[in-house]
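The values are calculated or read from the model by the stated rules, or taken from the named source; none is laboratory data. Remember, it's a predicted structure, so these values are computed and weren't measured experimentally. Neighbour counts run over all protein chains shown; Cβ positions are idealised from the backbone, glycine included.
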Amino acid sequence: MFKFRASDLPQILSLWSSRYAVFVPSGTPDNVQLRLWRQSKQEGERLIESDEYINLAMSPKSFVFSERESLFRWESNEKLCEAISDPFPDASHDGDKILFGVRPCDCYGLGYMDRFFLGEHHDINYHMRRQHVFVVAVNCLQAGKGCFCHSMGTGPFAAITQHNAFGTTAGKGYDLLLTPDYAPEHVAGKNTENDWYWVEAGSDRGKALLSQVAHMLFRDLEFTGLERKEALLRHSRSTFSHSLEAARQPELLARMLSAHYNDPCWDTLAERCIDCTGCTRVCPTCTCFTTEEEKDSEHSGMRVRVWDSCQSRGFTRNAGWHNPRSKTASLRYRIFDKLQYIEERFGMKGCVGCGRCFTVCPAAINFVDVINDMAQRMPVAEVMQNVPHRDVHYERDERLFDPQLYTPLVAEIIDIHEEARNINRYTVRYRDRPNQGRPALRGQFFMLTVFGVGEVAISVPFSDRVKDGFTFYVKKAGKVTSAMHKLKVGDMMGLRGPFGVPLPYDSLIGRDLLVVGSGVGHAPVRATLVRAIENKQHFGRIAIMASATSYDGLILKDDLKEWAQIDGVEVHYCLSKPTDAVQAHVGYINDLLPGLGLDWGKTSAIVCASARRIKAVARDLMQLGMKPADIYTALETNMHCGVGKCGHCKVGGHYMCVDGPVFTYEEMMQLPPEF
Amino acid sequence: MAGLATAYGSGAATNSIEGIRESDVIFVLGSNTSAQHPLVYARITAAHARGAKLIVADPRITPVAALADKHLRIKTGTNLALVNALMHVILAEGLHNEAFIAERTENFAALQESLAQCTPEWAEGITGIGAEDIRQTARLYATGSSSVIIYCMGVTQHVTGTRTCAALANLTMLCGMVGRPSTGLMPLRGQNNVQGSCDMGALPETLPGYVAAGTALAEQRFAPLWGNFANTKGRKLTEIMAGMVDGSIRAAWVMGENPAQSDPDAASVMEGLGKLDFLVVQDLFLTPTARMAHVVLPAASYLEKQGTFTNTERRVQMVNEVLPPVEGSRADWQILRDAIRALGGQADYTCPEDIFEEIKKVVPSYAGMSYARIAQAQGLCWPCPTPDHPGTPVLHSTSFTRGLGLFTVNTFTLDDMGEQPCADYPYLLITGRESHQYHTGTMTRRSWALDREFPEAFLDVHPDDALALKIKENWMVTIRSRRGSITARVRISKSVQPGTVFLPFHYAESSANVLTGHHYCDPVAGIPALKMTAVAIEEKK
């Protein structure tokens, strides 16, 4: 351990500033911002030299996760279309930066963000910014009004044992950690000879920072450093006025939250909330974003990503005005995410205990009070005895570093077929590379881009051995799909993917197969279906139920007719309006199920419809003797990025785009009912 | 404003926003503070968290009403009956502040006499609020150590608007709840600089500093600066619109307003604007009104110009140019200066500060301010008469602007209710705003982040009414009034009472003001009763 004189700090900063852009807490104590440090002292910068601030007004996340940044640029002319991955177009990169005076809670937040962005589906934009940011943390001797980090285990001193295998730089969220040790005669704003900072390095980069100021460091010769730190920590812990005791036992907290999922308190809070999204903007662990298309002209533009908030109403609303999350559900989701979902999935705290969210809330919504009140109403013993613990397992999809993560590959439309009313089938081909050159086509959906308009998730209906040209069925619904319906053969679109867990195949072999699809619902099952029919000898009976409002609204009409001819394959139509084209039952799918006479104990079912229809069908199938683990569904939620980053499709701790969209009914029923 | 000016001598908010934090009782009338003044809402929630009592009178359940200890779901248009009944209770139970009344006010006897019949039981029949709730509210307000009243357009946009404001002023004086920190009467302004433009004489009857037009004082104060000027009263906005239709007004210069969408009875507004010989519109964007103009003058936004804004608490604040104006646009002051010169007037201003220096000469309440002082103090509340004056966050602390506070008699009759539902138009429409859109949406609808939240107009309908009308969530409906019809999407919500529907007016394609009228107006201020329109609703075929 080292230490240096507090009075030497300006000189140390000065030395660093010759090689780095050094950002220090500046402003007034009630509005502290990280601003560039300069030799000539400016008003407000005094804050750092005497440790006179409690915390930064905003978390420093914008240094590594920009509020607004470009993901790629695209250009086109009559013959060409190019999408260029460009994670650093805005030239905001001005060399290495040191963030000085970051508090332990925010270091933890950075540590979490490193885990989130640099883990599976490594985020290139984050990576590019993060590698240039060095963090010098300063432990807190005094808690602020809203602070409760001591309950979360994230402060008031930064942990030095916490490991994070994912961080490419500062696994702990800091490179250097300082602990102020002021003499008893210390006066705020003036450093005496006996005021010190203890120094610990958190990374090799931190050691490098230290070596640049080695001549001002003193070695801890008496080995009193750890002892002093311990005493200072004890003192610091005594300064808290807020606490969230329940957070000390994550399992207990998770059970308590489950027990209060439908508590009326969420409604009461939601009524007061004014959707300002302030809580998520200031949060050190909020990572959600949305994308917007910015056009320079008809022939060029870029896709930018911008911070988004689960507290805004548009976050989960889809093109048909359906919103799976009510206002109450949105409000509850944020709190559950911070206290439960993030921890279940990533093994790190989702809340760092900084208290910013309720400090800025104009509606004075304080979730710490809410949880404390809950804990008071339901004693620990009661929770542990009566509320079952939900053990959630997440499959981790480890993919290689992919510089094309957010940049689509350009593909040419080679055929358009009008499949049904407002539903087109597009056949597209990568412009630059043959399909077979791509890695395995394992996935359930692609993200399709109409350049300059936006991107949508579209299911994969073709088998994984397709050689020439992908087909997609696209229903005209929102902005992007409407624009796609205006494209012509020869036009370009963008393709990213495939993403998501596909429908199973191997586990279906040897069984009867029931496929239920409503409207465009057959598109996602088609891949599996085609393969099963090709290998019919490995399956029992295959029953296909095609449902739609009218025959005209049904896709795959030709496929269905063809399949119906195959021995052992049967196709049943269920329509709301009668038709002359085929023999159809007028009514619900459910009416036909008992009459199918499948060997229900040996049947697997794939059901693709709205969440409500899935539930209705599954309930009947289980009554007929099916197990919920044998019923597969594809939950198409509001997916934006496809790689578990943007947060739009998150339900509970699951990102539908990477953990789903295929789930068994058994798994589906364990999700919170918000899809 | 007129109501307060009569009672106090000044129509401005009496207290500061920050002071609300320390109030013990907060009484909110006709204000969706949570959506429209979130920073005021933040002070209310802070006070409430501290233990202050919150009473909200509003026909709708807004977030601030949901937070309230007492939510009075008042029948639309009956505010005055409620306020008079509150005063009746206070007098009947001896809760009034006799010392304050004796020392600081006049005409108390007339008020007392006028309230004799305004019992809570009488008001219950009119307002739909239980007599006991009225009594409790009166007691809460009168016995708080510092009670503040906050109100907005839900009070003013009624036939009884001016009278209700005057009655609220009566209420404050009756209990001595004015002239001290964290008390008083806070009319919340709808825009960032409404107070400032009123201060500068953008009112039909006054010149800068509230000097009445047509008086000798006006001549004496302004002639030395301006030479010959039109020292006459102007017309009220609703009269101007009528004048365009009847031909008595033939040219108009519209600055930062979008009357084609914001004014009632859009059809007649369009007719009037269409008849003008010459229409000039000065705005940031090509608004529906600007599309009708002969000349459009592109103006710079607040980020692209320097000057001051005076907010709802009379705080004069600096606005600084942080971006150069978009090419081809100019700051309002430059446009006006050049227009004045072109018309042969004198306008030798080289910068906004020159104009501010002139304001100081003729508006005594601004006389002690300067750009340097305003910037340094982060805003100064007027009156600030001398350079060493700290500004006045609390008005009327030792005497009222007019000397003694004047109690006025404000009688409520059932004729004051405005347009009532009938067999053909069975629902009562309330118009208002949403948190993420501003006014006619000419600015906020250009921001994808804001517009995404409320991309189109919706109509709040009570579940019972939806059932009767056979309409469902997200369906499109046609809304008809005596003036016209529009379409909007249905949002089923218990925030409105059965028989009442709510529609925001931000959307040009579903303009609420196609439906509203100006047949019913406040007789004093001429403000139309925008909160009451009888409409019929049906599924859009």
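Select from the range B:442-483 the residues that are part of a strand (DSSP E or B), in contact with a Lys or Arg (Cβ under 6 Å, 6 or more places away or on another chain) and either within 11 Å of another protein chain (Cβ to nearest Cβ) or aliphatic (A, V, I, L, M) (or both) and list them in ascending order. Matches in the range B:442-483: B:458, B:476, B:477.
Out of the residues in the range B:70-80 meeting the condition of being away from every other protein chain (no Cβ under 13 Å) and within 17 Å of residue B:495 (Cα to Cα), tell me which one is surrounded by the fewest Cβ atoms within 10 Å (Cβ to Cβ).
Filtering the range B:70-80 down to residues away from every other protein chain (no Cβ under 13 Å) leaves B:70, B:72-80.
Restricting the remaining residues to those that are within 17 Å of residue B:495 (Cα to Cα) gives B:70, B:72-76.
Numbers: B:70: 16, B:72: 22, B:73: 18, B:74: 23, B:75: 19, B:76: 24.
In this case the residue turns out to be B:70.
So which residues in the range B:25-67 are more than 19 Å from residue B:187 (Cα to Cα), at the interface with another protein chain (Cβ under 10 Å from one of its Cβ atoms) and touching a residue at least 40 places away in the same chain (Cβ under 8 Å)? Hit for the range B:25-67 is B:61, nothing else. Scanning the range B:491-505 for residues that are under 25 Å from residue B:445 (Cα atoms), in contact with a Gly (Cβ under 9 Å, 6 or more places away or on another chain) and at pLDDT 90 or above yields B:502, B:503, B:504. Based on this model, can you work out whether residue B:356 counts as in contact (Cβ under 8 Å) with a residue 40 or more places away in the chain and loosely packed, with under 15 Cβ neighbours inside 10 Å? No.
Those residues that are among the polar types (S, T, N, Q), at pLDDT 90 or above and not in a strand (DSSP E or B), I need them from the range A:586-644; list them, please. The answer is A:623, and nothing else. If we keep just the residues of the range A:273-324 that are surrounded by fewer than 21 Cβ atoms within 10 Å (Cβ to Cβ), among the basic types (Lys, Arg) and in contact with a helix residue (DSSP H, G or I) (Cβ under 9 Å, 6 or more places away or on another chain), which is farthest from the other protein chains (Cβ to nearest Cβ)? Among them, the one singled out is A:281.
The set of residues in the range A:299-326 that are among the aromatic types (Phe, Trp, Tyr) and modelled with pLDDT under 90 contains only A:321. Assessment of the range B:443-450 against the conditions (in contact with a strand residue (DSSP E or B) (Cβ under 7 Å, 6 or more places away or on another chain) and aromatic (Phe, Trp, Tyr)) yields at least one matching residue.
Looking at residue A:234, is it basic (Lys, Arg), without any contact (Cβ under 8 Å) to a residue 12 or more places away in the chain and away from chain B (no Cβ under 14 Å)? Step through it out loud before you land on a result.
Values: basic (Lys, Arg): yes; without any contact (Cβ under 8 Å) to a residue 12 or more places away in the chain: yes; away from chain B (no Cβ under 14 Å): yes.
The answer is yes for residue A:234.
Selection of the range B:5-24 for residues being more than 13 Å from chain A (Cβ to nearest Cβ) and either assigned to a helix (DSSP H, G or I) or in contact with a helix residue (DSSP H, G or I) (Cβ under 6 Å, 6 or more places away or on another chain) (or both) yields B:5, B:6, B:7, B:8, B:11, B:18, B:19, B:22, B:23.
The requirement of being touching an Asp or Glu at 6+ places or on another chain (Cβ under 8 Å) and among the aliphatic types (A, V, I, L, M) is fulfilled somewhere in the range A:602-618, by at least one residue. A count restricted to the range B:484-505 and to residues that are touching a residue at least 40 places away in the same chain (Cβ under 8 Å) and either within 11 Å of another protein chain (Cβ to nearest Cβ) or over 24 Å from the mean Cα position of the chain (by Cα) (or both) stands at 5.
Can residue A:552 be described as surrounded by fewer than 19 Cβ atoms within 10 Å (Cβ to Cβ) and either hydrophobic (A, V, I, L, M, F, W, C) or closer than 19 Å to residue A:599 by Cβ (or both)?
Details: surrounded by fewer than 19 Cβ atoms within 10 Å (Cβ to Cβ): yes; either hydrophobic (A, V, I, L, M, F, W, C) or closer than 19 Å to residue A:599 by Cβ (or both): no.
So residue A:552 fails the test.
Checked against (1) touching an Asp or Glu at 6+ places or on another chain (Cβ under 8 Å); (2) part of a helix (DSSP H, G or I), residue A:311 passes all but a single condition, namely (2).
Are any residues in the range A:300-336 of a type in the set (D, E, K, R) and over 25 Å from residue A:405 (Cα atoms), and if so, which ones? Within the range A:300-336, A:313, A:325, A:327, A:332, A:334 meet the criteria.
Counting residues that are closer than 22 Å to residue B:527 by Cα, which helices (runs of 4 or more DSSP H) fully inside the range B:123-241 reach at least 1?
Numbers: elements: B:131-143, B:153-156, B:161-174, B:194-199, B:216-226.
Of the helices (runs of 4 or more DSSP H) lying wholly inside the range B:123-241, those with at least 1 residues that are closer than 22 Å to residue B:527 by Cα span B:153-156, B:161-174, B:194-199.
Screening the candidates B:163, B:104 for the property of being assigned by TED's automatic domain parsing to the domain that holds residue B:23 and under 18 Å from residue B:415 (Cβ atoms) yields one hit, B:163.
Condition check ((1) β-branched (Val, Ile, Thr); (2) over 30 Å from residue A:72 (Cα atoms)) across all residues:
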| site | (1), (2) |
| --- | --- |
| A:493 | no, no |
| A:502 | no, no |
| A:509 | yes, yes |
| A:513 | no, yes |
| A:517 | no, yes |
| A:522 | no, yes |
| A:527 | no, yes |
| A:530 | yes, yes |
| A:534 | no, yes |
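Suppose we filter the range A:257-272 for residues that are among the hydroxyl-bearing types (Ser, Thr, Tyr) and within 14 Å of another protein chain (Cβ to nearest Cβ); how many remain? Full working, then the answer.
Within the range A:257-272, the first condition is being among the hydroxyl-bearing types (Ser, Thr, Tyr), and the residues that meet it are A:258, A:261, A:268.
Then keep just the ones that are within 14 Å of another protein chain (Cβ to nearest Cβ); that gives A:268.
So the answer is 1.
Checking each residue of the range A:94-109 against the condition of being at pLDDT below 85, under 24 Å from residue A:293 (Cβ atoms) and of a type outside the set (A, V, I, L, M, F, W, C) gives no match. The residues in the range B:415-441 that are modelled with pLDDT of 85 or more, over 22 Å from residue B:62 (Cβ atoms) and either surrounded by fewer than 17 Cβ atoms within 10 Å (Cβ to Cβ) or within 14 Å of chain A (Cβ to nearest Cβ) (or both) can be counted, and the count is 5.
Counting only residues that are small (Gly, Ala, Ser), part of a helix (DSSP H, G or I) and touching a Ser or Thr at 6+ places or on another chain (Cβ under 8 Å), how many does the range B:51-85 have? Let's see the steps before the verdict.
Our first condition is that a residue be small (Gly, Ala, Ser); within the range B:51-85, this holds for B:51-52, B:57, B:65-66, B:68, B:77, B:81, B:85.
Retained after the next criterion (residues that are part of a helix (DSSP H, G or I)): B:65-66, B:81, B:85.
If we keep only those that are touching a Ser or Thr at 6+ places or on another chain (Cβ under 8 Å) too, we end up with B:66, B:81, B:85.
Number satisfying all stated conditions: 3.
So for the range B:396-410 (the condition being farther than 30 Å from residue B:23 by Cα and in contact (Cβ under 8 Å) with a residue 40 or more places away in the chain), does at least one residue qualify? Steps first, please.
Restricting attention to the range B:396-410, the residues satisfying the condition of being farther than 30 Å from residue B:23 by Cα are none.
No - not one qualifying residue is present in the range B:396-410.
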